[in-house]
Amino acid sequence: MKKDLLKFPLKRVLLSTVILCSLSAIISSCGEEEGRISVNDAAPEKVTNITTKAGPGEVTLSWTNPTSSSFMYTKIEYTNAKGEKKYELISKERGSTATIKGFANTDVQSFSLFACSVRGNNSGAVDVSQAPDSPAFLEVVKTVTLAPVLGGVLVDYENNYNTTVVIALDFHAASDPNKAGSAKFQAPAKSKGPQLVMLTDANNEFLAGECIVNVSAEDEYENASEPKALKATPIPAMKIDRSNWTFPGYNENSSDGTIGYSSQEAIGEGNQDGLKNGRVTSMIDSSLKTYWHASWKTPSTSYPHWFILDMGKEITVASVELTRRQGDARGQKGQKIYTCTEAGAADPGNPNSWSWMDHGSFAFDPNNNAPQSFGLSTTPRARYIKVYFGTEHKGTGGQAMLADLNVYGAE
């Protein structure tokens with residue numbers, strides 16, 4: 001839970017291409033005089049009829065391009081939220097409108113528009129000013145509230161804008177500022193919460209008692225709001241004991257799938273420290289050196305892959321924690337998580353008939369060796385957990401793999 005701008009933005013490269021192509025057209029249409037090619041590079045007339053329109057953290061400019069034959073593009077100069085001088089280039093082929101984004105407040109902004117020839121010659125700027133509306137991230141953070149749940153908080157928010165905002169939380173135990181953690185999540189355009197955030201420290205241990213949660217919001221231009229201090233007391237959660245966990249239909253000597261998993265690699269992964277590798281049970285053997293691997297040798301499998309965990313009894317689930325095969329980045333890049341109660345599994349031999357609760361799809365980082373936690377916002381009661389790796393979750397390899405599996409919650 002826990003981005004680099006190109007030095008030369010793509011739009012400038014595209015504009016350069018347009019300008020070069022236009023120059024080529026000019027050159028090919030001009031005659032030769034004493035062995036030299038003549039190019040009309042005179043300064044065009046200025047743009048006219050400029051209008052401005054405010055938007056959330058942005059200003060849209062519209063204008064009329066000059067009719068001068070030498071006109072190639074409009075250059076818009078302005079100062080960004082960091083005080084840096086910036087510019088946008090709008091080729092005549094792109095029209096006569098541009099939206100300048102990334103402003104961090106509602107201060108009046110100044111814009112200088114230059115009508116330029118192919119080599120940048122111009123007749124000077126036309127200056128206009130306009131204050132943008134309040135940026136989306138400043139408005140979204142105002143809507144944030146917290147509600148305590150098992151092991152964390154539900155972050156409620158409302159994003160009524162056509163842009164994604166990032167909500168960031170820095171938190172610590174009120175009694176001990178050293179017990180601290182942080183989390184970020186995206187609030188997509190036109191979306192609302194709640195979003196579950198588990199309050200865990202640097203050791204992945206749940207914070208207990210009252211917590212101070214500083215909430216801020218960010219945009220894609222690295223602008224951020226001032227933190228908003230909130231308090232919450234999460235309901236205590238614990239790591240669930242794994243001693244009685246099983247996978248329905250498990251057969252350690254076969255790679256074939258059962259009612260409890262799509263496949264496992266019982267042949268090609270060997271043993272590790274006396275433990276049998278490649279099996280689904282390798283996820284719950286308390287060793288990060290071993291791992292479950294979907295079958296690749298006999299038979300060779302492909303996505304989707306999946307497994308069902310039977311915890312032996314019903315518990316309240318706060319989060320599911322998955323750890324990749326250590327040092328191997330070829331695995332899955334996400335998964336879906338489902339849960340089922342004991343009563344919902346009326347026919348134990350046919351999991352397809354069970355009443356599964358869909359908790360949605362989660363992104364998984366195949367480059368991260370550390371445990372990755374996936375909170376279930378409804379904190380369901382469940383005995384069975386199904387983890388499903390669809391074709392949309394396929395990584396660089398053909399099979400899913402995991403070293404460790406844990407569940408946090410309350411009995």
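The values are calculated or read from the model by the stated rules, or taken from the named source; none is laboratory data. Computed from a prediction, not measured in an experiment: that's the story for all the values here. Quick note on the areas: whole protein, heavy atoms, side chains included, nothing else; ligands and nucleic acids left out. Shrake-Rupley method; radii C 1.70, N 1.55, O 1.52, S 1.80 Å.
At q = 0.10, 0.11, 0.12, 0.18 Å⁻¹, what log₁₀ I(q)/I(0) does a Debye calculation on the Cα points of segment 151-267 give, no solvent, two decimals?
-0.49, -0.56, -0.63, -0.88
Given the rule -39500 (n - 2.57) for each run of at least 4 DSSP H residues, summed and divided by the residues of the chain, what is its mean residue ellipticity at 222 nm, to the nearest 500 deg cm²/dmol?
-2000 deg cm²/dmol
Using a 1.4 Å probe on the protein chains only, how many percent of the accessible area of segment 173-257 belongs to carbon and sulfur?
The C+S portion of the solvent-accessible surface of segment 173-257 is 45 percent.
Restricted to Cα positions, what overall size does segment 366-411 have along the principal axes? Three whole-Å values, descending.
37, 23, 17
Report, please, the projected area of segment 97-158 averaged over directions, based on the convex hull of its C-alpha atoms, in nm².
7.2
How large is ³J(HN,Hα), in whole Hz, for each residue of segment 312-329 in order, when computed from phi with the Karplus curve 6.51 cos²θ - 1.76 cosθ + 1.60 and θ = phi - 60°, using x for Gly and Pro?
Here the 3J(HN,Hα) series is x, 7, 7, 9, 8, 9, 9, 7, 10, 10, 10, 10, 5, 4, 4, x, 10, 9 Hz.
Principal axis extents for segment 256-411, Cα atoms only, whole Å, descending order, please.
38, 33, 31
HN-Hα J couplings of segment 377-386 from phi, Karplus 6.51/-1.76/1.60, θ = phi - 60°, integer Hz, Gly and Pro as x?
4, 8, 5, x, 7, 7, 10, 10, 10, 10
Using a 1.4 Å probe on the protein heavy atoms, what percent of the accessible area of segment 265-411 belongs to carbon and sulfur?
Answer for segment 265-411: carbon and sulfur cover 47 percent of the accessible area.
Regarding the chain, what is the average projected area of its C-alpha convex hull, in nm²?
The Cα convex hull of the chain, projected and averaged over all directions, gives 27.5 nm².
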